[in-house]
Amino acid sequence: MTTMLGLDLTGRRVLVVGGGPVAARRVQGLVADGASVLVVAPALCEPLRDAHRWGQVTWKAREVAERDLDDVWLVHTATGDRATDDQVAAWAQDRHVFCVHAGRAAGGSARTPATTSLGDVLVGVVSTGAPDPGRTLVVRDALAEKVRDVLADHLREGRVDVRGRRSRDEGRVVLVGGGPGDVGLLTLAGRRALAEADVVVTDRLGPVEVLDELAPDVEVIDVGKTPGHHPVPQHEIGRILVEQAQRGRVVVRLKGGDPFVYGRGGEEVLACREAGVPVTVIPGVSSALAAPAAAGIPLTHRGTVGALHVMNGHDGWSQAGLVGLRDATCTVVVLMGVSAVGDLTAQALEFGVAPTTPAAIVERATTPTQRVTRATLATLEATALAEGVRAPAVLVLGEVAHPDLLAPVGTRDGGDRTDPTMTW
């Protein structure tokens, strides 16, 4: 019979025997748990060398000896040599110290469960009989998926609150990249952060529907901008994040796309760090990548283009973007460029970019109202005006934007057209 316990290893000495990838994975979790880790091995793989160089572990560069088990609370042996691992397990048994035997689970007195985090709750699955790692992983993943679905349902209906009680000193900020708009493209990590939030500071873009899943008492602060209208300036957003966290609250800054791709996430991280507020970043799917994909436009395509340039339409062209586009070797993606379409096309044509260069504008990407407008560089401005193109929209310029790029060979018409859909 196996009993699963939660061990508090903070500040406690844990011995890891072995310097390979298996040992490195064990060390990563132990360091995250705050353990004082001693690694004994003649040599270390690169991740363990980094951990030692950064002061996360103590390393003894030799073969393991029984004295290494002095004053330890837990042992992980993962040398890859059965005899050595068995010997370490025997020493641990004699000293009444629990030991995880990586090479032969039944040979140790403890087992590591397959775990997954659900908010601040750790869920683990462990075999009770003969070790069966494959089955354990399948059960863990199925259980986690089911629990997440149930929690989401309960949160929407206000029947459960997965937030723990926190002190004033535990306030923090989490920047969450919400993706381009479709709630399904919000990452699991982003959803977990939202489930723990006391405050959500949100933009107008991204998966705003997810706000309906929040517990009823979660405060939502809207700081969204619209073209030409910025009611909450950036420095005020930083002040809000810091002030809320200093009140001991978990603050989620929900942003469309990715926080570090023209999302001013760097400025918000700096504001938090300058105030001594803990801050983390959860990446999101940038609209620079998602919008073209949702429109059936590959940003790179073998034999067509192999480079990608992402730019902010407000900042205008870079030399690299113009050169790549003129030579037809680069795809250019323009964010926040609807209002600058005229200037951008005029500058590109003046630089010598071919007027027939394919172009596309993807509005409201990944949402039910997505629309794709196609043109050439020469006709892009007029087409955008005629079609009433509005932000939020992403511009794609380059050979990959040709409407027939992915059509079967022999069916490509080679013409220019405006096509709001892309299906196969």
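The values are calculated or read from the model by the stated rules, or taken from the named source; none is laboratory data. Computed from a predicted model, the values in this text were never measured in an experiment. Every residue, glycine as well, gets a Cβ built from its backbone with ideal geometry; the counts of neighbours run over all protein chains shown.
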Can Gly190 be described as modelled with pLDDT of 75 or more, part of a loop (DSSP other than H, G, I, E, B), touching a Gly at 6+ places or on another chain (Cβ under 8 Å) and farther than 19 Å from Ile240 by Cβ? no
Quick check on my filter: what residues within region 291-329 are in a strand (DSSP E or B) and under 23 Å from Val389 (Cβ atoms)? Leu308, His309, Val310, Met311, Asn312
Of the conditions (1) without any contact (Cβ under 8 Å) to a residue 24 or more places away in the chain; (2) assigned to a strand (DSSP E or B); (3) of a type in the set (S, T, N, Q), Thr369 clears all except one; give me its number. (2)
In region 65-87, anything more than 20 Å from Gln28 (Cβ to Cβ) and hydrophobic (A, V, I, L, M, F, W, C) is listed as Ala65, Leu69, Ala83
Report yes if some residue within region 97-117 is hydrophobic (A, V, I, L, M, F, W, C), in a helix (DSSP H, G or I) and surrounded by fewer than 17 Cβ atoms within 10 Å (Cβ to Cβ); otherwise report no. yes
From the set of residues in region 255-273 that are small (Gly, Ala, Ser) and at negative phi, which is farthest from the chain's Cα centre (by Cα)? Ala271
With respect to Arg326, is the statement that it is of a type in the set (Lys, Arg), over 17 Å from Ala401 (Cα atoms) and touching a residue at least 24 places away in the same chain (Cβ under 8 Å) true? no
Going through region 338-380 in order, the residues found to be surrounded by fewer than 19 Cβ atoms within 10 Å (Cβ to Cβ) and of a type in the set (Asp, Glu) are Asp343, Glu350
(1) closer than 22 Å to Gly124 by Cβ; (2) surrounded by fewer than 21 Cβ atoms within 10 Å (Cβ to Cβ); (3) at pLDDT below 95 all hold for Trp54 apart from (1)
Could you tell me which of the residues Val72, Val39, Val31, Val88 is surrounded by 15 or more Cβ atoms within 10 Å (Cβ to Cβ), touching a strand residue (DSSP E or B) at 6+ places or on another chain (Cβ under 8 Å), of a type in the set (A, V, I, L, M, F, W, C) and part of a loop (DSSP other than H, G, I, E, B)? Val72
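Pull up region 75-85, narrow it to residues that are touching a residue at least 60 places away in the same chain (Cβ under 8 Å) and in a loop (DSSP other than H, G, I, E, B), then point me to the one that is surrounded by the most Cβ atoms within 10 Å (Cβ to Cβ).
Looking at the filtered set, the residue picked out is Ala78.
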